[in-house]
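One structure below.
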Amino acid sequence: MVIKVFFPSCCPEAESGLLLGRWIPEQNAAVVLAIIHYPFIPGQVKQYLEQIKSVTTINVSVLGSWSSHSSRTKDNIDQFLQDLSSIFPHDFWFQLTQEKESRSVFKCQVVQQCDSKNDKENVILIHYDQRKVMLSKLHDVDSKSIGCNHNTGEEAEAITSDFAAIFDTVAKCELLFMIDKHDETPIKFTHWQSEGRETSIIVELAKQASVPVCMVLLFLVTFVLNICKSRKANLFVSFLIDVGLGMLLISWLYQQNRIGQLADALIPAADHIAKELEILLEWLMGAPAGLKMNKALDEVLGHFFLYHIHLWISYIHLMSPFIEMILWYVGLSACLGLTVALSIGSDIIALLTFHIYCFYVYGARIYCLKIYGLSSLWRLFRGKKWNVLRQRVDSCSYDLDQLFIGTLLFTVLLFLLPTTALYYLVFTLLRLVVVVIQGFIHLLVDLINSLPLYALGLRLCRPYVLAAGVKFHVFQKVAGKPLHLLMQINPLTYGMIIKRYRLPTYSCYPKDSWAALCKKLFIGRLIYPWKRRNEKQD
């Protein structure tokens, strides 16, 4: 049987003492959490273990003894520590002894309490970074994490779920790691926080000097840590960045009177667009691209749309004295966030191009009526009709008068269709240009709202926090000694982080497929790309 001993990489510098940790029988693994320094009182150690178990709900126990090379001058320490196996009963008692040649080389002797047999050759020592494992969140992934031995070319595989208990043990024992070593307590520990002893002393002196200020700071730090530990951290960071970008936009808009410049340029831009639309309509009222159009219908549609353009330009000039004030207050909305300003900007574009939307609706309705009329009359020629109740096409017999009137109507609609289709095509293209601009703005808003910026920042600065698995490297391989492996955390990829932590926003909902969109455009139905499938449309 192979026994795995997970040993903190900070503990080889510890004094002789006891190994404090947890035995995981399902994996034949022992997780060492800390080393209790000699001297100590066994009764106090037992009492402390009970307190740790009640708070962390982890079965923390004394796994064995640790003999440091620096403490070897003390008499009978090793024998005293080995004799404690009767006071702290355990299935396996691990005796780790530091070699004289190097602090990173250990001898590991496993004593089975049931029959007192030693098993020296089936022990693997795995060194791990205690702080990184404590802060890491292990994710379930389908693929396996593979660690390569660069010295021998061998490969070792580790399934993520097998290490969940190990990561969970280290994380839940955070209370043990938060104990400051400088405190005058009867039990002394060595763990990952032992190296920050001087910092802990400064923090303790600051607490004693200014209690109210430290209480406020402690509340703020606790609040931030609670946010960072939850899934709402991505939302919180996205909100802060959104507001920060909005404030930058405000500072840019209100410098050098850019709001006034934008208001002064808006009226000439509207006049220019109206002039171009008039030129386009005059082109359609003639012989566009050499096409033969129905002159009467062409003139009716052209004058109808020209009249709407004149109405719209008159409305814009009527609102011109108030445009700068409107833009001024709209710019202030950026203090709520850049996404708010972008959304209002999209609405302003919709209002400024409302006449194009009206042209598209008029053309689509006329074109759709003719398409449905032609399809119904085509079924009449084939002796068919649409059954409204059963929603299907049934056979039907028509008399001679019905066929004659249907032929006349079909001929009229067929010859008027090219003129209507041309106007519908032109105004649909104009409408699609506006939709593409609004879609780009909506995409930018969704990107700001849904991108998990906090998780991406953790992946960039602290990749070990979001763990996808672990990989092993051979730390030391000495003949006749236990194999030493170094466990390293394999972080999640950026693609997996975006997939797992992306915030649910508008763009996450399903949209119409390209085939459905093309079908709507062909039959003349109105398109609203920003609507979801389950929403009703006119």
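The values are calculated or read from the model by the stated rules, or taken from the named source; none is laboratory data. Keep in mind that what you see is a predicted model, and the values were worked out from it rather than measured. Cβ sites come from the backbone with ideal geometry, for glycine too, and all protein chains shown count toward neighbours. Accessible surface areas use protein heavy atoms only, side chains included; no ligands, DNA or RNA. Shrake-Rupley method; radii C 1.70, N 1.55, O 1.52, S 1.80 Å.
Worth pointing out:
- Span per principal axis, largest first, for the Cα atoms of region 288-328 (Å): 50, 18, 9
- Label-point gap, in nm, between ALA350 and MET319 - each point 7 angstrom along Cα→Cβ: 1.3
- The stretch between MET1 and SER397, if pulled fully straight at 0.36 nm per residue, gains 133.8 nm over its current Cα-Cα span.
- Backbone geometry of region 123-128 corresponds, through the Karplus equation with coefficients 6.51, -1.76 and 1.60 at θ = phi - 60°, to 3J(HN,Hα) couplings of 10, 10, 8, 10, 8, 9 Hz, x marking Gly and Pro.
- Amide H to amide H distances under 5 Å link LYS137 with LEU466, ALA467, where only residues 5 or more positions off or on other chains count and H is placed in the peptide plane.
- Near VAL470, the amide H atoms lying under 5 Å from its own belong to SER145, ASN490; only residues 5 or more places off or on other chains count, and H is placed 1.01 Å from N.
- Of the listed residues ASP140, ASP394, ASP298, the order by accessible area with a 1.4 Å probe, largest first, is ASP140, ASP394, ASP298.
- Between the amide H of SER65 and those of LEU19, PHE94, GLN95, LEU96, distances stay under 5 Å, these residues lying 5 or more places away or on another chain, with hydrogens modeled in the peptide plane.
- Gain in span if fully extended, LYS275 to ARG462, counting 0.36 nm per residue against the direct Cα distance: 61.6 nm
- Hz values of 3J(HN,Hα) by residue in region 445-460 - Karplus curve (6.51, -1.76, 1.60), Gly and Pro given as x: 5, 5, 5, 5, 7, 9, 5, x, 5, 5, 5, 5, x, 5, 5, 7
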